[in-house]
Every structure is written in structure tokens, then in C-alpha cells.
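Q: Next up is a structure, given as C-alpha cells.
The values are calculated or read from the model by the stated rules, or taken from the named source; none is laboratory data. These numbers were taken from a predicted model, which means no experiment stands behind them. Methodologically, a virtual Cβ is constructed for each residue, glycine included, from the backbone with ideal geometry; neighbour enumeration extends over all protein chains shown. Note: accessible area is taken over every heavy atom of the protein model, side chains too, but ligands, DNA and RNA are not part of it. Shrake-Rupley method; radii C 1.70, N 1.55, O 1.52, S 1.80 Å.
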Amino acid sequence: DDTIEVTVEDLEHPTIMNIWASWCGPCRFEFPFLTEYALQDSTPYDIWFVNASDTTLAAAQRFLRTQESGINAYLDPNNAFSNRIGLEVLPTTLLIDADGTLLAAHSGIMTRTVMDFFHAVAENPRVGSLDVSTVEIPDISAIIGPINPEEAKPIIFGQQVVGVITDEDWRVDYRFEGT
């Protein structure tokens with residue numbers, strides 16, 4: 001409940017910033033997992049929980065009161081930080097070096113594999129590199145179109161559905177009835 005302002009100059013060593021909102025289901029799901037890391041004395045970096053996009057401070061505080069205490073939780077007033085970095089997905093987790101350099105970023109739920117990767121990068125900052133300007137990203141969007149339930153394959157309770165998805169046959173529609 002204390003109010004302080006933090007800047008990049010306040011970083012003493014690599015810091016993970018997890019950007020979350022109390023209404024975000026994936027954020028709520030990963031929060032206890034990240035709290036476990038944040039409360040370990042052996043973690044070689046700080047973990048900051050940065051609340052963004054909540055409609056009220058009270059909503060964020062209510063959620064935080066249901067979590068373990070002792071974590072570093074911050075509010076992004078008016079989404080200033082989120083807007084500055086172009087945040088599009090919640091949750092988003094950033095690994096920032098002590099000098100403010102972005103070392104790694106992940107959008108979506110954090111897993112042990114991603115945390116292991118962040119941990120390795122934090123312990124070995126700037127070892128290896130990737131010039132993203134040389135990476136060609138193919139257009140992977142697809143127009144899914146409407147589903148016609150009458151044309152979908154019917155399935156019944158207990159029936160096993162097996163198939164193969166390929167580039168040509170990438171979608172199979174099924175229909176079922178149930179309560």
C-alpha cells in the first residue's frame with residue numbers, strides 16, 4: 001500500500017517485470033507460480049509484478065490480498081509504462097538488465113521452461129545474440145470462416161475422434177449435443 005516511483009536507474013541487477021491485471025484469467029493462473037520464484041532467496045533477480053489495465057486500484061489490491069505477501073507489486077498509473085512499450089498481451093513478462101536493456105520477453109502464461117530460459121539469460125546476459133532484423137516472419141494468419149453445424153461431423157458421447165492435421169487439411173469441424 002506504499003506509493004513509490006521506480007525507474008530503470010533503480011535496478012540493481014536483472015529484474016523480471018510481470019505485467020498483469022486482476023481480471024486477466026491467465027495472469028491469475030500464473031501469479032502463484034511466479035510468486036513462488038519471487039519469494040525464493042536463491043533467485044538471482046528481482047521479480048516485479050506490474051499491474052496494468054485494471055479499472056480501479058481497488059481491484060488490483062483485492063486480488064493482491066488473496067496472494068502471498070512479500071512480493072514487489074507496482075501499479076502502472078494510466079498504463080503509462082504499458083503504452084510506452086506497446087503492450088498488447090496480458091500477461092507479458094520482461095527480463096530487464098540492470099542498465100535497462102531488454103534481455104528477454106514473453107507474452108502469455110509463464111511456464112517452468114520459460115522461467116528456466118529467463119534464469120539462464122539473467123545469469124549470462126548478452127551471451128549469444130540474435131539480430132531480429134534478419135529474421136523473416138511468414139504470414140501465418142488464416143481466415144477461419146463460419147462453421148456450419150449441419151456440415152460438421154457428428155460425434156456422440158464416448159466416441160473417440162482421431163485424425164491428422166496438415167497444411168492442406170488444417171481444420172475439422174465436429175458437432176455434438178449435450179447437457
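Q: Which of the residues belonging to the range 103-129 are open to solvent by 60 Å² or more (accessible area, probe 1.4 Å), among the aliphatic types (A, V, I, L, M) and farther than 13 Å from Leu34 by Cβ?
A: Within the range 103-129, Ala105, Val127 qualify.
Q: I'm trying to understand the selection: among the residues of the range 29-42, which are over 17 Å from Ser69 (Cβ atoms) and either open to solvent by 50 Å² or more (accessible area, probe 1.4 Å) or over 11 Å from the mean Cα position of the chain (by Cα) (or both)?
A: Residues satisfying the conditions are Phe29, Ser42.
Q: Then there's this: Residues that are in contact (Cβ under 8 Å) with a residue 12 or more places away in the chain and in contact with a His (Cβ under 8 Å, 6 or more places away or on another chain): does the range 76-93 have at least one?
A: Yes, the range 76-93 contains at least one residue that is in contact (Cβ under 8 Å) with a residue 12 or more places away in the chain and in contact with a His (Cβ under 8 Å, 6 or more places away or on another chain).
Q: Which residue pairs have Cβ atoms under 6 Å apart, sit 6 or more places apart or on different chains, and have a first residue in the range 121-132 that is closer than 16 Å to Ala105 by Cβ and a second that is at pLDDT 85 or above and part of a loop (DSSP other than H, G, I, E, B)?
A: Ala122/Pro14; Ala122/Tyr45; Pro125/Asp97
Q: Considering the range 130-158 alone, what residues qualify as being of a type in the set (Asp, Glu), open to solvent by 100 Å² or more (accessible area, probe 1.4 Å) and modelled with pLDDT under 85?
A: Passing the criteria: Glu136, Asp139.
Q: Considering the range 75-102 alone, what residues qualify as being open to solvent by 50 Å² or more (accessible area, probe 1.4 Å) and either touching a strand residue (DSSP E or B) at 6+ places or on another chain (Cβ under 7 Å) or not in a loop (DSSP other than H, G, I, E, B) (or both)?
A: Listed by number, the residues that qualify are Leu75, Pro77, Asn78, Ala80, Phe81, Asn83, Arg84, Ile85, Val89, Leu102.
Q: Out of the residues in the range 5-28 that are in contact (Cβ under 8 Å) with a residue 40 or more places away in the chain and part of a loop (DSSP other than H, G, I, E, B), state the one that is surrounded by the fewest Cβ atoms within 10 Å (Cβ to Cβ).
A: Per the criteria, the residue is Glu12.
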